[in-house]
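Working notes, structure below.
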Ligand SMILES: Cc1ncc(COP(=O)(O)O)c(C=O)c1O
């Protein structure tokens, strides 16, 4: 009988090599979700700012650990592109009460992306105020040029989350990682249950990290297919498609439509799209559509077209 390696040594060494950082700058999690839930404890967070509209688990994790959250939302008028000035203003106004900032880049479910220089500008200013900056890069493989992960070596308050769930299509294995300062990584690992990352996930992650062919093929496919899907959706009457750097598109249905009705109608046809009307900061007409195979994308477009013409 073999237990998994509780310290994930091989994977942490592989990550160290990949990023030219020491292995003790990495914590491995049972999905990045486990790390999101451990961070508020490891950092003793009391009050975090979350840049939205975004993934709901940051708030749930902070609240579960007894903290509270302030949201700052990018606006629809700005196509949900976060404003660096707005973020810095909120951080400054919060003063000493704020101890962390959560930023998802590229963001889910909006697909918006901030340049690395902007993220680093925010991280430097926040760090100077003693604020932790947690950048969730779960979808960043689709636009790797914006990653700030290597900068954890220079900014001790910067923490970067990664996942193998999305780009490597391994949601069921549960594997993700966190990069940051050694003391915080050690504190977080100290709070983690033993063997929380299974042996198959550790092994698969080591293999995935070396799979350059998957990276090339997947990126080439995504660029082409996403653009094709954008054009096809934009051609449907009344749909607004927001720019996306990830493997999904945020779409707004015509006025008087309801995302919930659309999602139900597509589900009856065997198509699962995401109702985003409950995401704080998005309106009741917003859905998220994944970029899938050309045939599946054509089906989604055709079914949406029928629904719009109902
Ligand atoms: C933005 C974002 N971060 C993190 C996660 C968690 O991913 P996992 O726990 O599978 O690594 C998700 C999953 O949906 C996500 O959308």
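Observations
- Degrees, to the nearest 10: 31-42 long Cα axis against longest axis of the chain: 50
- Order by protection proxy (mean Cβ within 10 Å, highest first), peptides 172-183, 146-157: 172-183, 146-157
- Look at the alpha carbon pairs under 8 Å that are at least 6 residues apart: their mean separation over the length of the range 213-308 gives a relative contact order of 26 percent.
- With a simple spin-label model that places each label point 7 Å from the Cα along the Cα-to-Cβ direction, the separation between residue 64 and residue 144 comes to 3.1 nm.
- If you take the Cα centroid of the range 139-168 and the Cα centroid of the range 207-237, the two points sit 20 Å apart.
- Packing-based exposure ordering (other Cβ within 10 Å, fewest first) of 275, 136: 275, 136
- Ranked by how many other Cβ atoms sit within 10 Å of their own Cβ, fewest first, the residues 86, 20 fall in the order 20, 86.
- For the residues 189, 125, 267, a GNM of the chain with alpha-carbon springs under 10 Å puts the largest fluctuation on 267.
- Taking every C-alpha pair closer than 8 Å and separated by at least 6 residues, the mean separation divided by the residue count of the chain gives a relative contact order of 19 percent.
- For the range 170-200 versus the range 42-107, the gap between their alpha-carbon centres in whole angstrom: 23
- Relative to the longest principal axis of the Cα atoms of the chain, the long axis of helix 212-234 makes an angle of roughly 30 degrees.
- DSSP bridge orientation in the range 9-210 - percent antiparallel, rounded to nearest 5: 30
- Measuring nothing but how far apart in sequence close Cα pairs (under 8 Å, 6+ apart) lie, relative to its length, the range 256-310 scores a relative contact order of 32 percent.
- Dividing the helix sum by the residues of the chain, where each DSSP H run of 4 or more adds -39500 (n - 2.57), gives a mean residue ellipticity at 222 nm of -12500 deg cm²/dmol.
FYI, it's all coordinate maths here, none of it is from the lab. Since the model is a prediction, treat every value here as computed from it, not as a measurement. Every residue, glycine as well, gets a Cβ built from its backbone with ideal geometry; the counts of neighbours run over all protein chains shown.
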